[in-house]
Amino acid sequence: MAKLAVLVVHGMGTQPDDYADPMIDELNDRLRALGQNPDHVLWKAAHWSHVLDGRENDLYRRLAQNHDLDWGTLRRSLVLSGLGDAVAYQGPATAPSAVYEPIHRVLADALEALGKGFTDADMTPLVVMAHSLGGTIVSNYIWDAQRQPDRHPGRSPFTRCETLSGIITFGCNLPLFTLAIPPEHVTPITFPGAGAAAAFPGSTTAQREAALHWNNYFDPDDVLGYPLRPINAAYGRTVHEDREIQTGTILSAHTEYWTDNSFTVPVARQLERLLQLLG
């Protein structure tokens, strides 16, 4: 029976439905090698890129219809599907984003499906793994749940991440989005979640502090991935570690985290510590 829930959230760009499978398979193998039963972890990958794929494809067709745009494949895959995701999610200054809420509903639906795998999801520890823009999406999703739960798409403590017990961000560009906020208002989410302690019955505060972490991974060659603790003192207290790892060159670093040993080894150990605390 599963004891720990893990939600995976992808970043910018079009993604296949099985985008997280290679990473999940590798982490399950690593947990097995550490003496843990991988069946004790239940995984769910949220897939939100479809919210924008159709509009981006249609926009590119219209833009290129009467113009021979150089670097067409690069424009479509990197600029429209990559940077376009970030621009659309953030929204223009003149109106709310039309995709912010639909993307958050995708996360809520994924958490709802994940929670059905447990007898009592609202007492089940949750870990969220988020790549690239997914880190910003997850942060906003949790922020909204903590500040306005009655208006949030998550309709249960679990889907509002109240049992949040671990965050793993990688290739995260959240610091860039703080530029839109007055510095004195840049505040991280509250972590762990309000219900995290109750999800580890019999544990002590010291034990939870040693296991319930927000760890952030970035390759210095990844121009889209950044440390989080230097954002300000509040982030320095909330994020346990910014870990520099090596995943690839400047051309590949951002996409190579998923199965790189420098990433999957410490992530497996973080999951192992949580499973040990669950007994």
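Going by average Cβ density within 10 Å per residue, which order do the peptides 21-27, 149-155, 236-242, 178-184 take, highest to lowest?
21-27, 236-242, 149-155, 178-184
How would you order 117-127, 159-169 from highest to lowest mean count of nearby Cβ atoms within 10 Å?
The peptides rank, most packed first, as 159-169, 117-127.
If you roll a 1.4 Å probe over the heavy atoms of the protein chains, what accessible area per residue do you get for segment 161-205, in Å²?
Value returned for segment 161-205: 41 Å² of accessible area per residue.
How long is the gain from Val223 to His40 if the chain were fully straight, where each residue apart is worth 0.36 nm and the alpha carbon distance is subtracted?
This chain segment gains 62.3 nm when fully extended.
Can you work out the base-10 log of I(q)/I(0) for segment 125-279 at q = 0.08, 0.16, 0.17 1/Å, using the Debye formula on its C-alpha atoms alone?
-0.23, -0.92, -1.02
Is the shape of segment 204-260 best called rounded, prolate or oblate, per the rule: a/c under 1.5 gives rounded, else a/b larger than b/c gives prolate, else oblate, with a ≥ b ≥ c the square roots of the Cα gyration tensor eigenvalues?
Oblate is the answer for segment 204-260, as a/c is 1.5 or above yet b/c matches or exceeds a/b.
Which value, in Å² rounded to 10, gives the accessible area of Leu107 with a 1.4 Å probe and all protein chains present?
0 Å²
By how many nm would the segment from Arg151 to Thr249 grow when fully extended, if each residue of separation counts as 0.36 nm and the alpha-carbon distance is taken off?
Between Arg151 and Thr249, full extension yields 31.0 nm more.
Using a 1.4 angstrom probe, figure out how much accessible area segment 239-278 has per residue, in square angstrom, rounded to the nearest whole.
Solvent-accessible surface per residue comes out at 48 Å².
With a Förster radius of 30 Å, plug the Cβ-Cβ distance of Ala198 and Glu241 into 1/(1 + (r/R0)^6) and report the FRET value to the nearest 0.05.
0.75
Can you give me the % of accessible surface on segment 106-203 that is carbon or sulfur? Probe 1.4 Å, all protein chains present, nothing else counted.
54 percent
The values are calculated or read from the model by the stated rules, or taken from the named source; none is laboratory data. Computed from a predicted structure; not experimentally measured. Using ideal geometry, Cβ is built from the backbone for each residue, glycine included, and neighbour counts are taken over all protein chains shown. These accessible areas exclude ligands, DNA and RNA; they are computed on the full protein's heavy atoms, side chains included. Shrake-Rupley method; radii C 1.70, N 1.55, O 1.52, S 1.80 Å.
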